[in-house]
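Note sheet for the following structure.
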Amino acid sequence: MKLKSTGSNHSAAVVAVDAQGNAAALTHSLNGGLWGGHGIFVDGVSIPDSASHQQSVIARLKPGDRLPDPTNPVIVLKNGNPYLASSCMGSALHSIMMNNLVNVLDFDMDPKSSIDTPNFRGPYFGGDSGAPQMDKEALAKGDFDEKLVEAVIAKGQAIKLLSETEALYQRSYWIAIQIDPKTGKRVAVSPSLSNGGAAGY
């Protein structure tokens with residue numbers, strides 16, 4: 001079973017499990033703004049603008065060093081065998097990975113219920129209402145109960161509630177395949193807002 005993209009190709013999270021239960025998880029991305037913020041294409045290929053948002057990281061590197069890879073595909077083992085393979089893409093890679101791993105591994109949610117649960121959206125990267133505010137956690141209006149949001153703010157975590165437009169641009173996608181250790185049954189999930197899908201062979 002594998003998850004595959006059926007639409008446009010920007011970043012892609014890919015997870016596959018074969019008949020023997022071997023698992024692979026990866027993320028492929030130009031690591032930049034949507035189609036590259038500068039709009040430069042060569043022979044139909046977008047030229048990445050990855051350095052534009054990584055200046056502080058670049059400043060710490062020596063000549064010839066590679067940029068650290070921010071993607072975080074994960075394979076969880078149970079009794080030495082793959083149990084959950086997952087990957088993600090978007091502006092809150094780390095937040096959405098942790099949200100869904102905690103949902104599935106700690107709260108025993110099935111992967112579909114997990115991706116249907118509201119997730120954090122990472123630091124506020126800026127949008128139609130202003131400049132980046134990296135100290136603020138971004139949440140979409142209505143995703144979480146107002147009293148919960150107020151309680152988090154009261155504990156000292158600044159929050160930026162995203163407008164509907166901003167929420168469209170600051171989101172991430174988690175895909176996964178879970179393997180039942182007893183039956184070997186595979187369950188694959190991909191968010192309905194993405195252009196991915198599950199395929200079994």
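Can you spot a residue in region 94-109 that is in contact with a Leu (Cβ under 8 Å, 6 or more places away or on another chain), at pLDDT 85 or above and not assigned by TED's automatic domain parsing to the domain that holds residue 21? No. Note on region 104-121: among residues that are of a type in the set (Ser, Thr, Tyr) and under 15 Å from the mean Cα position of the chain (by Cα), the one that is farthest from residue 138 (Cα to Cα) is 114. Among the numbered conditions (1) in a strand (DSSP E or B); (2) within 19 Å of the chain's Cα centre (by Cα); (3) without any contact (Cβ under 8 Å) to a residue 60 or more places away in the chain, the only one that residue 101 does not meet is (1). Could you tell me whether any residue of region 78-93 is surrounded by 11 or more Cβ atoms within 10 Å (Cβ to Cβ), assigned to a loop (DSSP other than H, G, I, E, B), of a type outside the set (Phe, Trp, Tyr) and at pLDDT below 85? Within region 78-93 (the criterion being surrounded by 11 or more Cβ atoms within 10 Å (Cβ to Cβ), assigned to a loop (DSSP other than H, G, I, E, B), of a type outside the set (Phe, Trp, Tyr) and at pLDDT below 85), the answer is yes, since at least one residue qualifies. Counting only residues that are out of contact with any strand residue (DSSP E or B) (no Cβ under 8 Å at 6 or more places or on another chain) and surrounded by 13 or more Cβ atoms within 10 Å (Cβ to Cβ), region 132-158 holds 2 of them.
The values are calculated or read from the model by the stated rules, or taken from the named source; none is laboratory data. What you see is a predicted model, and the numbers here were worked out from it, not measured in a lab. Positions of Cβ are backbone-derived with ideal geometry, glycine not excepted, and every protein chain shown enters the neighbour counts.
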